[in-house]
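Enquirer: Encoded as structure tokens, here's the structure I'll be asking about.
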Amino acid sequence: MHSSTPTPDAAEALSQRLSSLIRAELAAAGWLSFARYMELALYTPGLGYYANARPKFGSTGDFVTAPELSPLFGQALARQVAQVLEMTSGDVLELGPGSGRLALALLRALQSMGRLPGCYLLHEASAHLREHQRALFAQQAPELLPRLHWVPAPPPRFSGLMLGNELLDALPVHRVRWGEAGPEELGVALDAHGRWVWQPRPITDPELLAAARAIDAPAGYESEIGLAARRLTADLAARLQRGVILFLDYGYPRREYYHPQRTQGTLTCHHRHHSHADPFDRPGLTDITAHVDFTAIAEAGHAAGLRLLGYIDQAGFLVNCGLPELLSRLAPDGADYVRAVCAAQKLLHPAEMGELIKVIALGRGVEGPLLGFARGDRSARL
Ligand SMILES: C[S@@+](CC[C@H](N)C(=O)[O-])C[C@H]1O[C@@H](n2cnc3c(N)ncnc32)[C@H](O)[C@@H]1O
């Protein structure tokens, strides 16, 4: 189940193989949109950051996500999942399950509530991570395996809950610079020394152009536009017969995302728990991520006939789902208790995930209010 950790030399060799592949595509095309570069850097089969076997999640990897901190996160989320399953008699589809730890905590909690769904579908872009998820369940909860189904694409028709935790921030984004003459796209080119450099081009994609023109940014301003996140939301919405799409991710409403002071956007890279801003550094060994424009996600859902059921920060969502009460049930002694308290602090604290991560719910054929948004819903800010 454990990812094999390549030696530093093997890791460098992997990164060089991926760089050569990207360089070849770049040389043939002359210029790549940043979204294409990010797609290659993260998802090239076998070599891309999420596709290779290097550890990514948790203390031995590059970053920590909520499910890696503590099963308390999945246990609290399970209460929201149970409510949607009750409303729809449907299933769960998790997108981008990563290590599989969220699925494990969720299903164990639903089991103890007597609310297991008939099917728990997993849609994961990385073949390596799919195997990792399967191995985790084979080792820790083999009795749940018959309910799990790995699907190569979301089903054409689905009822129940579609769930993505830190999925949207891992999707490719376009990079845009707003100038005196309007917006232009920043892509990747080779300079005279064969190094990758940012290079502007006129925007040719009509969807990107419309999105960029709709943002009122001062000259010299640079940021990202996440077309892939909007398209995924629209695609999922078209498949949702009855139920809820729930996304949890780093992000803001549009007004805050494109705030005049955020002049360089939100693009961030992670390597061994160190953050930096150079997406060309060691492709394949570096996570590349950008925050989510939640207004765009709400718009994409609305255009596909979904209703906005709630928008709130992670702390508000988890408190509404009863995380403090789950914590209070633990015996207040021993290392496990201390670990759980520290995890809860990270999940809820405004300077950590509590305020930085937001939760959005979009639905069809279900009536609110949803448990996680019962108090402190900030939908009006979108
Ligand atoms: C930042 S990780 C989050 C993993 C996990 N949800 C968590 O919270 O720890 C992003 C995950 O989404 C997967 N992914 C990215 N794009 C995807 C797509 N279009 N469909 C399915 N999975 C995708 C990645 O392979 C990875 O497992």
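Enquirer: P(r) for segment 6-126, please, calculated from all Cα pair distances in 5 Å bins and given in %.
Expert: Going out from 0 Å in 5 Å bins, segment 6-126 shows 2, 10, 15, 17, 13, 11, 11, 8, 6, 5, 1, 0 percent.
Enquirer: If only Cα atoms are counted, what is the Rg of segment 318-370, and what is its Dmax, in Å?
Expert: Gyration radius and largest Cα-Cα distance of segment 318-370: 14.5, 46 Å.
Enquirer: Using only helices, what value at 222 nm comes out for the chain when you add -39,500 (n - 2.57) per DSSP H run of length 4 or more and divide by the total residues, to the nearest 500 deg cm²/dmol?
Expert: It lands at -11500 deg cm²/dmol.
Enquirer: Along the charge dipole of segment 148-202, which of Pro172, Leu161, Ala189 sits closest to the positive end, that is, farthest toward it, with unit charges on the beta carbon of Lys, Arg, Asp and Glu (+1, +1, -1, -1)?
Expert: Result: Leu161, furthest along the dipole toward the positive end.
Enquirer: Whole number please: convex hull volume per residue of the Cα set in segment 22-381, in Å³?
Expert: Cα-based convex hull of segment 22-381, divided per residue, equals 140 Å³.
Enquirer: Compute for segment 249-382: radius of gyration divided by Kirkwood radius, i.e. Rg/Rh, restricted to C-alpha atoms, rounded to two decimals.
Expert: Here Rg/Rh amounts to 1.04.
Enquirer: What's the center-to-center distance, using Cα atoms, between segment 327-368 and segment 62-118 in Å?
Expert: Value for the Cα centre distance between the two parts: 13 Å.
Enquirer: Between rounded, prolate and oblate, where does segment 152-303 land on the alpha carbon gyration tensor, with a ≥ b ≥ c its root eigenvalues, rounded for a/c under 1.5, else prolate if a/b exceeds b/c?
Expert: Taking the square roots of the gyration eigenvalues as a ≥ b ≥ c, segment 152-303 is prolate.
Enquirer: Quick one: of the DSSP bridges fully inside the chain, what percent are antiparallel, nearest 5?
Expert: Percentage antiparallel, nearest 5: 65.
Enquirer: Continuing with this model, one more query. According to the Cα gyration tensor, what semi-axes, each the square root of 5 times an eigenvalue, does the equivalent ellipsoid of segment 69-215 have, listed from largest to smallest in whole Å?
Expert: Three semi-axes, in Å: 40, 19, 13.
Enquirer: What ranking, highest mean first, results for peptides 318-325, 12-19 when packing means the other Cβ atoms within 10 Å averaged over each residue?
Expert: 318-325, 12-19
Enquirer: Which order do the peptides 58-70, 177-189 come out in when sorted by mean C-beta neighbours inside 10 angstrom, highest first?
Expert: Final packing ranking: 58-70, 177-189.
Enquirer: Another question, if that's okay. Can you tell me which of 195-206, 43-54, 338-349, 304-315 comes out highest on packing, and rank the rest after it, using the mean Cβ neighbours within 10 Å?
Expert: Ranked by mean Cβ neighbours within 10 Å, highest first: 304-315, 43-54, 338-349, 195-206.
Coordinate-derived values only; no laboratory data. As the structure is a prediction and not an experimental result, all values here were calculated from the model. Cβ atoms come from the backbone with ideal geometry, glycine included; neighbour counts cover every protein chain shown.
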